[in-house]
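The values are calculated or read from the model by the stated rules, or taken from the named source; none is laboratory data. Note that this is a predicted model, so its numbers are computed, not measured. Backbone-built Cβ (ideal geometry, glycine too); neighbour counts: all protein chains shown.
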Amino acid sequence: MSRAGRLRRCRRRIQSERGSAVIEAVIGVPAFMLFVGLIVFAGRVAIANQAVGSAATEAARSASISRTQGQATDTARAAAAQALSNQKVDCLRVSVDVDTSGFGAPVGTPASIRATVTCMVNLSDLSVPGVPGTRTISASMSSPLDTYRER
C-alpha cells in the first residue's frame, strides 16, 4: 500500500471519530463529580461518627467524676456539647441521655454511668443525588464510678 493510501485511511478513521471526545466528556464528567460527591459524603459521615463517639466518651467520663446524679447529668451534657463544638461538627439537633442509676448502688459495689449522644448531622449542602439531607448518628459509652467513693 502506498503512503498516500495509508494517509487517506488514517484521515477517514480520524473523521469517523469526530465528536467522540465530547460524548465521553458528557458522560464522564457527571459520573466523576458524583463519585467525588460520594467520597465527600462518606468522609463527612466518618468524621461525624468519630466526633459523636468522642463526645459520648467525654460525657460518660465527666458524669462519672461528678458528686451527685443531678450534677452528673448537667456535666455530661456540657461535656458532650463542648466536645462536638471543639471538633466543629454541625449538628442540627443534639441529644445527650445519661443513665445515672449507678449512683444508687451502695458503696463498695461496682457501678457505672452510661452516656448516649445522638447528633443529627446536616448534609444538605452536599447536593449529591441520592444523599439524604440529614443523617442521625448515635454513640454510647460507659465509665465506671469509683467503687469506694461516697455517693
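For residue 62, the test of being surrounded by 17 or more Cβ atoms within 10 Å (Cβ to Cβ), at pLDDT 95 or above and in a helix (DSSP H, G or I) is passed. Residue 74 fulfils the conditions (1) touching a residue at least 12 places away in the same chain (Cβ under 8 Å); (2) part of a helix (DSSP H, G or I) except for a single criterion, (1). Cβ-Cβ distance below 6 Å, separation of 6 or more or different chains: which pairs start in segment 120-133 with a residue that is of a type in the set (Ser, Thr, Tyr) and end on one that is surrounded by fewer than 16 Cβ atoms within 10 Å (Cβ to Cβ)? Within 6 Å, the pairs are 124/133.
Checked against the criterion of being closer than 17 Å to residue 119 by Cβ and either at pLDDT 90 or above or surrounded by 11 or more Cβ atoms within 10 Å (Cβ to Cβ) (or both), the candidates 83, 72 yield just one match: 83.
Yes/no matrix, rows are residues, columns are (1) over 30 Å from residue 38 (Cβ atoms); (2) of a type in the set (Gly, Ala, Ser):
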| site | (1), (2) |
| --- | --- |
| 65 | yes, no |
| 74 | yes, no |
| 78 | yes, yes |
| 86 | no, no |
| 91 | no, no |
| 98 | yes, no |
| 110 | yes, no |
| 122 | no, no |
| 147 | yes, no |
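Screening segment 97-112 for residues that are hydrophobic (A, V, I, L, M, F, W, C) and surrounded by fewer than 16 Cβ atoms within 10 Å (Cβ to Cβ) and picking the one that is farthest from the chain's Cα centre (by Cα) gives 107. Filter segment 113-139 for residues that are small (Gly, Ala, Ser), at pLDDT 95 or above and either buried (at least 16 other Cβ atoms within 10 Å of the Cβ) or under 28 Å from residue 31 (Cα atoms) (or both) and give the result. Once the filter is applied, which keeps residues that are small (Gly, Ala, Ser), at pLDDT 95 or above and either buried (at least 16 other Cβ atoms within 10 Å of the Cβ) or under 28 Å from residue 31 (Cα atoms) (or both), segment 113-139 yields 115, 139.
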